[in-house]
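Below is one structure, written out as structure tokens; comments come after it.
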Amino acid sequence: MSQDQRQHTPAPAGRDDETRRARLAELRDHDARRARRTKRLRTAATTGSALAAAVAVVAVVLSAQGRPERDTTADSGIDPTKANVRGEKVYDSLDRLHVKGEVDYPRTPWPPVGGRHDPRWQNANGDVYTRPLREENAVHALEHGAVWVTYSRALPKAEVEKLRTKVAGVPYRMMSPLPDQPGRVELTAWGHQLTVDSADDPRVDEFFDAYVQGPQAPEEGAPVTGGKATP
């Protein structure tokens, strides 16, 4: 137990725990509904052998282009080509090739929002890491629809704990320190990034709602478990 946690009195802590459990339950339910929607869409898309073959051809073409052409805006209300949360930045034409070894990602944006990446994804099933992640694995998780929360050494411990409550145990979310990043908190999805100063900024939840398993992900709904479990 941290020093900050020991300073809380039992009664408020109990209320905080109850509030946190309720919030996590709400988030899990939200993400479960989104997952069921994704499954229905995938089932419909693969009905019939002829359609399955057509989908396979399209997938190869899109993979070569590095960017899928899907129209999911009407279904989700999110336009993956535009900023959907105030202040976020959008990046396009991101490479999707799988590569072994290190990738020389640019430092703008940082952390990377996409590009070439390791064939093995970073686990992002509500995983909270205490050390910086290998970027090549983290980017692969973004391709699957995860949102990656990173924080700098300038962020107070109390703020780190608030972020933890928004991430821990919630599918398609992961969190790790990135001590030298330019902003206190960076929220990153495939092709999208938002910088905030506080975990209390309402745009944090807006970003999660927009991009957790969102239409920006080239492989929306692909697994975020069974990959790399350590930094």
- request: List every residue pair whose Cβ atoms lie under 8 Å apart, where the two residues are 6 or more positions apart in sequence or sit on different chains, the first residue falls within the stretch 113-138 and is under 14 Å from ALA229 (Cβ atoms), and the second residue, located anywhere, is surrounded by 24 or more Cβ atoms within 10 Å (Cβ to Cβ) and of a type in the set (Ser, Thr, Tyr).
  value: ALA124/TYR172; ASN125/TYR172
query: So which residues in the stretch 128-139 are under 15 Å from LEU163 (Cα atoms) and either among the hydroxyl-bearing types (Ser, Thr, Tyr) or surrounded by 24 or more Cβ atoms within 10 Å (Cβ to Cβ) (or both), if there are any at all?
result: TYR129, THR130
task: Just one of (1) touching a Gly at 6+ places or on another chain (Cβ under 7 Å); (2) in a loop (DSSP other than H, G, I, E, B) trips up THR130, so point out which.
output: (1)
query: Across the stretch 184-200, what is the number of residues that are open to solvent by 10 Å² or more (accessible area, probe 1.4 Å) and in a loop (DSSP other than H, G, I, E, B)?
result: 5
task: Select from the stretch 201-226 the residues that are buried (at least 21 other Cβ atoms within 10 Å of the Cβ), more than 16 Å from VAL85 (Cα to Cα) and not hydrophobic (A, V, I, L, M, F, W, C) and list them in ascending order.
output: PRO218, GLU220
task: Could you list, in sequence order, all residues of the stretch 154-170 that are in contact with a Leu (Cβ under 9 Å, 6 or more places away or on another chain) and not β-branched (Val, Ile, Thr)?
output: LEU155, LEU163, LYS166, ALA168, GLY169
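The values are calculated or read from the model by the stated rules, or taken from the named source; none is laboratory data. Keep in mind that this is a model prediction, so the values were computed, not measured. For neighbour counting, all protein chains shown are included, and Cβ atoms are generated from backbone atoms with ideal geometry for every residue, glycine included. Please note that ligands, DNA and RNA were not included when accessible areas were found on the heavy atoms of the full protein model with its side chains. Shrake-Rupley method; radii C 1.70, N 1.55, O 1.52, S 1.80 Å.
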